[in-house]
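Remarks on the structure that follows.
Derivation of every value follows stated rules applied to the coordinates shown; laboratory data play no part. Remember, predicted model here, so these are calculated numbers, not experimental data. Cβ: placed from backbone, ideal geometry, glycine included. Neighbour counts: every protein chain shown.
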Amino acid sequence: MAKIKINIKDGTIKKNDHVIGIDLGTTNSLVAMVNQTNQQPYCISYQQKTFTPSVIHIGNEGNITIGEQAIQFLKTEPENTIFSVKRLMGKSYTDLKSISGKFGFNAIEDNSNSLVRLKLNQSIFNPIELSSLILKSLKEKAEKALGEKVNKCVITVPAYFNDSQRQATKDSGKLAGLDVLRIINEPTAASLAYGIGLKKEDEKTIAVYDLGGGTFDITILNIQNGIFEVLATNGDTLLGGDDFDRNIVYHWIQTLGLSLEEIENNQQNYQNIRLKAEEAKKHLSSNKTYNSSIQLLDETYEISLNKETFEQLISGILETSIACCKKALNDAELKNTDIHEVVLVGGSTKVPFVVEKVTQFFNTAHINNQINPDEVVALGAAIEADILAGNRKDIYLLDVTPLSLGIETAGGLMDTIITRNSKIPTKAGRQYTTSVDGQKNLKIAVYQGERELVEHNRKLGEFILNNIPAMPAGLPKIDIQFFIDADGILKVEATELRSSVKQEIVIKPQYGLTDEQVESMLLSAMQNAEIDLQNRKLAELKSEAEQLIYQCEKLIKSNQTLLSADEISKTSLKINDLKSACNILNEQAINQEIERLNQLTRPFAERLMDEAIGNALKGKKI
Ligand code: ADP
Ligand code: MG
């Protein structure tokens, strides 16, 4: 039964909005949806295939080929064909220098920190644009299958993706004509596909083991009240099923007594044997032996592989993955027996020996591998999409901010607006004012971190609130609001309330933080808590003193005729004393000089006040 939504404002019937779930993968990408008749998620297939290889070819006329048809160009026009775009998301040329040789892409050498740009045929693309091409083709496949337009989606990303990589993924969606309702972590999606975390009372610690074609990720998740918290991530960005294939190739070349160099130097031969190796590997996932023949260097050879030999060939690779699991558990301060369930993701977990090794390591843990590991992330994304489409009111999914967010206030102090571990989406705000008369511009600098002084925190960005009407210091009411959306993207809005002058920025940090960086920032905040507090007190005192100096200097300047020469010189002297106390940063001295200056100026401040009132009365006619 299809659901009908009625807009309660104007009584119109809204057409069912399709929200699709997208697994934007390194090797393959998939799109999935929840069937509204039976509530089951399914991957949308196109020409009998559920996945689209994440490969893009750009032709001479700028014509674009995506997926299966683009694969052939990897052999014939490698310079105009790109794969593994996901590895480039949010990265600059400088970041990628070390791996560019391995993936053979033509990056434009700008040695800058801005997004990398690639030259494909005559055109130049950045990774956001390239990913958007894949997303667009997935969107079109979904539209063909459904016979309706689709414009909303959920996209998954690895748990270790930082802010800028998430923002880049979101921007790709926008560019593809999709409203990205949420970016969710791949391990979270995989858990959802198994129904883990869908019940509010679920309270579990899960390990998600994701072994794909070229990458391995292990994520430890804690699930509580529908909140998925990433406790630790680890992995190897250059480890996967491709390494299984390569080891089989080496084994065959050795047993056939051929020269590796000779085979490797001939692309056609190498591709032949590599494809055979992949075929053998897949065959051995459900059989004990593999036999075939192959054309190599113009001769036909018989090849075979049995399960035992294959397992020996990959055991070293699996050991490496298990070492990453150990590190992740260590980082999460957990033992293997603390893990309630394991979820297997990625095509390479179809290998029974992988399942065996993972089961062994996590000991008693319950292994979830019943759902096709190629599709599990996309299916979970579809479930999240269904929830966001409003089809499942019983569920909500939340995330938390890893570090506090705030702005710089006088004296270089951090003023926290959203505290660490706040559930997102969230918003919070506070009011500020100016410290100088007639101040027309106010710089708002946004920081992330737990330290008291902004110089120890991480600057996310800054902007200027312009055109504040001239007012005496302290009068403008500047309201600063922080909004964090469900993807962890921060928007800061500043409004001068008396004049309604408004300015906002969306913070898209150039580089986000890795889990280790977050950890080390938290650690240094704890270690420096005491000294930070002292520094804060001193900075606050100094800023109070500066405010007093400013007021006193103003008093003298604007009342030259009403004050005696003696009063002026005495005040100037005390102002200088306070200035020097501030310069040597001595708390006691600053306190003392503030008090002295206050005492000295109080009587004539009162006198000036009386005078002002008198003048005002004189002018009034009754
Ligand atoms: P990625 O996450 O990198 O996009 P996938 O999760 O799609 O990758 O996994 C691709 C890998 O899975 C490839 O190395 C492929 O050979 C391997 N694979 C796919 N099916 C099987 C199978 N039945 N047995 C063993 N390996 C498989
Ligand atoms: Mg994957």
Compute the acute angle (0 to 90°) between the alpha-carbon long axis of helix 376-388 and the principal axis of greatest extent of the alpha-carbon atoms of the chain; round to the nearest 10°. 40 degrees
Can you pull the three principal axis extents for the Cα set of the chain, in Å, largest first? 112, 61, 55
By average Cβ neighbour count within 10 Å, what is the ranking of 284-294, 441-451 from highest down? 441-451, 284-294
Taking the radius of gyration and the Kirkwood hydrodynamic radius from Cα positions alone, what is the Rg/Rh ratio for the range 401-516, to two decimal places? 0.98
Cα-centred dipole magnitude for the chain, charges only on beta-carbon of K, R (+1) and D, E (-1), debye, nearest 20: 2300 debye
Find the relative contact order for the range 401-516 and round it to a whole percent, using C-alpha pairs within less than 8 Å whose residues are 6+ positions apart. 24 percent
For the range 189-195, in residue order, the Karplus 3J(HN,Hα) values (coefficients 6.51, -1.76, 1.60; θ = phi - 60°; whole Hz; Gly and Pro = x) are 4, 4, 5, 4, 4, 8, x
Please give the peptides 189-202, 125-138 ranked by average Cβ packing (other Cβ atoms within 10 Å per residue), highest first, as a rough proxy for protection. 125-138, 189-202
By the scheme Lys and Arg +1, Asp and Glu -1, what is the net charge of all other residues having a beta-carbon under 13 Å from that of LYS574? -2
Test of understanding: ordering ASP298, ASP577 by Cβ neighbours within 10 Å, fewest first, what list do you get? ASP298, ASP577
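When the gyration tensor of the range 529-615 is built from Cα positions, what are the square roots of 5 times its three eigenvalues, in whole Å, from largest to smallest? Present the calculation step by step, with values, prior to reporting the outcome.
Numbers: eigenvalues 173, 33, 17 Å².
One finds semi-axes of 29, 13, 9 Å for the range 529-615.
Counting residues in the range 241-314 as N, plug N into 2.2 N^0.38 Å and put the Cα Rg over that result.
Taking N as the residue count of the range 241-314, the ratio is 1.01.
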Compute the long axis of helix 352-361 from its Cα atoms, compare it with the longest principal axis of the Cα atoms of the chain, and write down the angle in degrees, 0 to 90, nearest 10. 40 degrees
